[in-house]
Amino acid sequence: MSHPNPSKVILITGASSGIGEATARRLAGLGHRILIGARRTERLQALAEELRAAGGQVDHRALDVADAADFQAFADHAAERFGPVDVLVNNAGVMPLSPLSAGKLDEWNRMIDVNLRGVLHGIAAVLPGMEARGRGHVVNVASIGAHVVVPTGAVYCATKYAVWAIGEGLRQESRVVRATTVSPGVVETELADHISDPAARAAMTEFRRIALNADAIARAIAYAIEQPDDVDVNEIIVRPLAGTGA
């Protein structure tokens, strides 16, 4: 049974806050070489500098996951800076909930672009190299919304169901690339800040009264990554113990 290199080259998207930031902190602390990406570069820079000051091997680069060419450049930057990419953590996501009757086409399309196309762009950027090297790991952060549909969440949940399906497809197709889908329940993040619909925003505020710290999800991601090379943790659902909802 082969064991993974203790230091891996890892891409993390949506790393300027929330789960992405927590994951960068945890994985850098474990000695991995990390490239963090997001659109808010001032936050990325501050995080990278903080982690480097603590001894971490961390670089940052602006990233719009909805842009396939930008994602490829992001992956190429990691390879030039640290070496071939071992792990992709597809974490970037948006959640502007609203009822379908509100007809918020722009928000629906943004969720499809970031939550779904962004995941595919990441896989397209790293999978050929992983397959050629005979090893690699794609971790997709989905949501409890990949398993449960709620009112105002039709489109959001649809994108997360799709993320689940993509991960399951990759698991079945590849004999050398590990595929993990992590589905968080309610977590303290900025996702709810994207909600423009007043009723949906109020409902989500109440729903999120009991929430996990983002590091709970970072620990789940680290667990999947640290398994021996012949072990593929396919799915992890992480919910707050005291939560009664999804």
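The values are calculated or read from the model by the stated rules, or taken from the named source; none is laboratory data. Just so you know, these numbers come straight off a predicted model, no measurement behind them. Ligands, DNA and RNA are stripped out before the accessible areas are found, and what is left, the full protein with its side chains, is counted by its heavy atoms. Shrake-Rupley method; radii C 1.70, N 1.55, O 1.52, S 1.80 Å.
Principal-axis analysis of the Cα atoms of the chain puts helix 154-173 at an angle of about 30° to the longest axis. Highest mobility in the GNM of the chain, judged by mean-square fluctuation with C-alpha springs under 10 Å and restricted to Ser174, Ser101, Ser17, is found for Ser101. The tail of the calculated P(r) for segment 80-120, taken as Cα-Cα distances beyond 16 Å, holds 50 percent of the pairs. The three principal axes of the Cα atoms in segment 1-101 give end-to-end lengths of 52, 31, 27 Å, sorted in falling order.
Would you please calculate the Kirkwood hydrodynamic radius of the chain over all C-alpha pairs and express it in Å, rounded to one decimal? Mind dumping the intermediate values first?
Details: mean 1/r = 0.0557 Å⁻¹.
Across the chain, the inverse of the average 1/r is 18.0 Å.
Residues considered: Leu100, Leu44, Leu170. Largest GNM mean-square fluctuation over the chain, using C-alpha springs under 10 Å, is found at Leu100.
Per-residue surface analysis assigns Thr152 an accessible area of about 50 Å², computed on protein heavy atoms at 1.4 Å probe radius. The accessible area of Lys104, taken with all protein chains in place and a 1.4 Å probe, comes to roughly 60 Å².
Give me the angle, in degrees from 0 to 90, between the Cα long axis of helix 68-81 and the longest principal axis of the Cα atoms of the chain, rounded to the nearest 10. That works out to roughly 40 degrees.
For segment 42-170, the Cα gyration tensor yields ellipsoid semi-axes of 29, 18, 13 Å (square root of five times each eigenvalue, largest first, whole Å).
Between helix 214-226 and the chain there is an angle of about 40 degrees, using the helix long axis and the longest principal axis of the Cα atoms.
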